[in-house]
Amino acid sequence: MAENSTYASFVGRLAEANVFVSDAESQLSLTAEFAELRTQYADVADTLTRSERRTKLEEWNVDGAACALESIDTQVLANGMALEEQCSLERPSDYFLAARALGKILQPSTESGSWLSDKQVETEIDNGVPEGFIALSPDEIMSVIEENDVAIIYCWRQDCSPCDVMREQFEKLVSQDAIPVDVPLGAIYGPEATDLLSEQYDVSVAPTTLFCSNGSVESRIVGSANPEALRAEIGIVAEQSD
């Protein structure tokens, strides 16, 4: 509740800074100007090294011990950097809080990287599940992660080009037997589990792939990844399954 109150407190300030607009039904969406800025910084965030990510978080007074780098989505970094350019907030830490707030206080929309509301998508939703993966319901995610030594969970949505790239890469790896058969592979359609993914696993953009071990998320890939990076993460999981 306290976290939600903190997030809500940013709405007025960000609206004044031309980050948000509100429609006739009081639903929030990003302005075209800020959405474009956010996209530009998403490309920048994707290129940051681990050291550069840590430096940026330190600039925002984020305690590295309390907030592991692996738990920070690339989009959160992009949000924060875009906010730094778009508006002036009181404290450095506000940029990090506001960056996380964007995913919480925005209504689901069709903008790149965000979840679609399940009410907005009436088409079949099984075509985004890579071959070799099992489509999971929201109720099944936790049990798959906690009841297996290791697991790979792929989060996707409709009309998402990076999701298509990841699906194709996973299918190629499965066809090449590059993923051990004893590693459970699950796919979850993000809009069906928006709150669960955000609150329990800090996932708010698609695609996001979670690499899990011993009942918890050990690492993640946000967005599409090159085959080498994907193979490396799978290799780590495979070693833990031995």
- Task: Could you pull out every residue, at least 5 positions away or on a different chain, whose amide H is within less than 5 Å of the one on residue 203? Hs are placed 1.01 Å off N in the peptide plane, and Pro or chain starts have none.
- Result: 198
- Message: For residue 218, what residues show an amide H to amide H distance below 5 Å, using hydrogens built from the backbone and excluding near sequence neighbours?
- Response: 211, 212, 213
- Query: What ³J(HN,Hα) values, in whole Hz, does the Karplus curve 6.51 cos²θ - 1.76 cosθ + 1.60 give for the range 200-208 when θ = phi - 60°, with x put for Gly and Pro?
  - Reply: 8, 10, 6, 10, 9, 10, 10, x, 9
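Using the Cα atoms of the range 134-241 to build a convex hull, what is its mean projected area in square nanometres?
Numbers: hull surface 23.5 nm².
Average projection, Cα convex hull of the range 134-241: 5.9 nm².
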- Note on the structure: Taking r as the C-beta separation of residue 32 and residue 178 and R0 as 35 Å, the FRET efficiency to the nearest 0.05 is 0.25
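No value in this document is a laboratory result; all are computed from the given coordinates. All of these numbers come straight from a predicted model, not from anything done at the bench. Note: ideal-geometry Cβ built from the backbone for every residue, glycine included; neighbour counts use all protein chains shown.
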